[in-house]
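Chemist: Sharing a structure with you now.
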Amino acid sequence: MSTVELKVDGQKISARQGMTVLEAALAAGVYIPNLCADPDLRAFGACRLCVVEIDGIRGLPASCTVPVSEGMVVRTETPLVQMTRRAIVELLLADHPENCINCAKNNRCALQTVAAFVGVRENRYPKTTRKLPVDDSSPFFTYDPNKCVLCSKCVRVCDEIQGLGNLTWVNRGYATRVGTFLERPIAQSMCESCGQCEAKCPVGAITAKGYQQPNRKVKTICPYCGVGCGLLLHVRGTRVVGAEGERDSPVSHGSLCVKGRFGMDFVNHPDRLAKPLIRKNGELVETTWEEALDVVSTRLAEYARPGGVSGSPFAAMASAKCTNEENYIFQKFVRAVMGSNSVDHCART
């Protein structure tokens, strides 16, 4: 793909043809504040925090909507740009709760990052008194419209990536907020609980319930089906406390379903088996993997005899948690080794 040369704050950088000014600047290590921009979503230009000055373009265009061109000269830190950004941040903070220390997105909030970068320490505007009801109906996340900055990421990801369109704009002007069709609670809407909106929300408007800050992330594959979505498990000590999609995964590109994002509680469940069990004298007792495998191989050898044990045929049930390749090997083993065509799958119904 062809590249173009442009200048950002006097620094000459190269960018791929088709990139926006914001993408090119961020790729080159030049931070431009933004709240609504996302590499997975179409340019929207809602927050206006990424405004810059570009030679030959009147006004302050949003850098997330302007494609790069050869010889373009961009300035991101002029007095007019700084004044505009500061005013936008002050207006956002005037309509935003101040209980940051109790917010689940504290230290992960894009608005905090932007406010610190812009240098807003005091607000010239009076605080608003708007108090909208919090939607706590979802079993997986909470929606607090009072913290929403109207970036539209949740609306766009639900429409552009999930193809569901469950979230939309409600009302107009100052009363604008994000809601569902007929303003139903999230649990009563078309929501599939994929959590994409929670993952994209830059502030504390949509937060996962029971969130805990991890001290490390472990790269792995989701165990729930054969798709093989990439996961980054959030680990705290020896406990899995959350999960997020891996953006570099060639399979899922950072997207997850409800199981992959919120279905990891079983890892920490006290009743989860940690050792294999075999039945002795009518009771299940713990054993070693070597003994368990010996028991399984012995029993399989008995069932593989003509007619099986007591004349009963051998049958096998495959799992949706296995990959397609594993399920293929499984059915091959049943047919070629065990001599049975009785193979079924838990996802068939």
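Chemist: Give, in whole angstrom and from largest to smallest, the semi-axes √(5λ) of the equivalent ellipsoid of the stretch 132-211, with λ running over the eigenvalues of the Cα gyration tensor.
Modeler: 16, 15, 13
Chemist: So if R0 is 51 Å, what FRET efficiency would Glu70 and Val267 give, r being the distance between their Cβ atoms, rounded to the nearest 0.05? Let's see the in-between values first.
Modeler: Values: r = 52 Å, r/R0 = 1.02.
Computed FRET efficiency for Glu70 and Val267 comes out at 0.45.
Chemist: Which of the listed residues, Ala43, Cys100, Met19, is farthest toward the dipole's positive end in the chain, when Lys, Arg count +1 and Asp, Glu count -1 at the beta-carbon?
Modeler: The one lying farthest along the dipole's positive direction is Cys100.
Chemist: I'd like to compare 237-246, 44-53, 160-169: which one has the highest average count of other Cβ atoms within 10 Å, and what's the full order after that?
Modeler: Per-residue Cβ counts within 10 Å, averaged per peptide and sorted highest first, yield 44-53, 237-246, 160-169.
Chemist: Using unit Cβ charges (K, R positive; D, E negative) and no other charged atoms, how large, in debye to the nearest 20, is the dipole of the stretch 3-90 about its Cα centre?
Modeler: Here the stretch 3-90 has a charge dipole of around 120 debye.
Chemist: For Val241, which sequence-distant residues (separation of 5 or more, or a different chain) have an amide H within less than 5 Å of its own amide H, given hydrogens modelled in the peptide plane?
Modeler: Those lying under 5 Å, H to H, from Val241 are His234, Val235, Arg236.
Chemist: Once R0 is set to 45 Å, what does the formula 1/(1 + (r/R0)^6) return for the Cβ-Cβ distance between Arg108 and Glu183, expressed as a FRET efficiency to the nearest 0.05? Mind showing how you got there, number by number?
Modeler: On the way: r = 28 Å, r/R0 = 0.63.
That gives a FRET efficiency of 0.95.
Chemist: Would you mind calculating the relative contact order of the chain from Cα pairs under 8 angstrom and at least 6 residues apart, reporting the percent as a whole number?
Modeler: It comes to 10 percent, rounded to a whole number.
Chemist: Another question, if that's okay. Which ³J(HN,Hα) values in Hz, rounded to whole numbers, follow from the phi angles of the stretch 167-177 under the Karplus curve 6.51 cos²θ - 1.76 cosθ + 1.60, where θ = phi - 60° and Gly and Pro get x?
Modeler: Along the stretch 167-177, the couplings run 9, 7, 7, 10, 6, 9, x, 4, 7, 4, 7 Hz.
Chemist: Then there is this: Using a Förster distance of 56 angstrom, determine the FRET efficiency expected from the C-beta separation of Ala94 and Ala320, and round it to 0.05.
Modeler: Rounded to the nearest 0.05, the efficiency is 0.65.
Chemist: Let me know the whole percent of all Cα-Cα pairs from the chain that are separated by more than 28 Å.
Modeler: 58 percent
Chemist: Using helices alone, I'd like the mean residue ellipticity at 222 nm for the chain: each DSSP H run of four-plus residues gives -39500 (n - 2.57), total over residue count, nearest 500.
Modeler: When only DSSP H runs of four or more count, the value is -6000 deg cm²/dmol.
Chemist: What does the charge dipole of the chain about its Cα centre add up to, to the nearest 20 debye, if the Cβ of each Lys and Arg holds +1 and the Cβ of each Asp and Glu holds -1?
Modeler: Result for the chain is approximately 520 debye, rounded to the nearest 20.
Chemist: Continuing with the same structure: Could you tell me which of Ala301, Asn268, Pro79 has its Cα farthest along the dipole of the chain towards the positive end, charges placed at Cβ (Lys, Arg +1; Asp, Glu -1), taken about the Cα centre?
Modeler: It is Pro79, whose Cα lies furthest towards the positive end.
Chemist: Then there's this: May I ask which residue of Val149, Ser69, Val240 lies farthest towards the positive end of the charge dipole of the chain, with charges of +1 (Lys, Arg) and -1 (Asp, Glu) on Cβ and the Cα centre as origin?
Modeler: Of the listed residues, the answer is Val149.
Chemist: Sticking with this one: Quick check: residue separation of Leu132 and Ala301 times 0.36 nm, minus the Cα distance between them. What number comes out in nm?
Modeler: 54.3 nm
Chemist: When the dipole is taken about the Cα centre of the stretch 192-307, and only Lys, Arg (+1) and Asp, Glu (-1) are charged at their Cβ, what size is it in debye, to the nearest 20?
Modeler: 300 debye
Chemist: Calculate how steeply helix 289-303 sits against the longest principal axis of the alpha-carbon atoms of the chain, using the helix alpha-carbon long axis, and give the answer as 0 to 90 degrees to the nearest 10.
Modeler: 60 degrees
Laboratory data are not the source of any read-out in this text; all were calculated from the coordinates shown. Bear in mind the structure is a predicted one, so any value in this text is a computation, not a measurement. FYI the Cβ positions are ideal-geometry reconstructions off the backbone, even for glycines, and counts take in every protein chain you see.
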